[in-house]
Structure formats: structure tokens, C-alpha cells
1. Considering amide H positions built from the backbone, and no H for Pro or chain starts, which residues 5 or more places from residue 31, or on another chain, come under 5 Å of its amide H?
2. So how far apart, in nm, are the two label points at residue 16 and residue 49 if each is 7 Å from Cα heading toward Cβ?
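Where a number appears in this text, it was derived from the coordinates with a stated rule and is not lab data. Predicted model, so just to flag it, every value in this text is computed and none were measured. In this analysis, Cβ positions are derived from the backbone assuming ideal geometry, glycine residues included, and neighbour counts consider all displayed protein chains.
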Amino acid sequence: MTVDDRPGAGVVWARVEEGFHVASARGVFLGYIDREADGSYLAYNGRSRLVGRFPGLVAAMAAVAHAHADATNTAPEIELRQVPDVFPGSVMQ
């Protein structure tokens, strides 16, 4: 199995704004996560159906990945990496 053949490989998480994250893989929308005022995270699948409420972001990410895997019959794998800032000094507020 090569790196590109791993289940879940190629999943990209983008923080659209503070508390709102969107997942995609190979151009396919997987779902999104929205942080609530109480600090919990609501995870939604690619059809905007609630997957669940989670106390942490990583748990919500896993739930979105699992929901997509269940829908497509593939085993999820999550890899978190820090993306370098390509525009140093630019700060989202």
C-alpha cells in the first residue's frame, strides 16, 4: 500500500473562520464542523446532516471522517499536520 492508497489519505481541513472548519478529499466535500458558544463542536456530514456534538475539535474531525467512510465503505484515517504560513505577517482577525 502506498501513501496515496491509504484510506483517508488526502483529507484536507480548512479553517474558514474562527470555529468553522471544512473537510474535503480529492475535490469531494466531506463535511464541516461548527464550534458552539459553549465550546463544544457540532459535526456535520457532506449532506449537512448532524453527525454529533463533541467536546473537542479532533473528535469532531474523526466523526466527520468516519461518517464519510461509512457512506463510501472505506476505513478512515486522520493525519494532522501543521501547514506552514506562506504569507508571514498576515493575520486573520
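1. Residues meeting the criterion, in which the H sits 1.01 Å from N, are 23.
2. 2.0 nm
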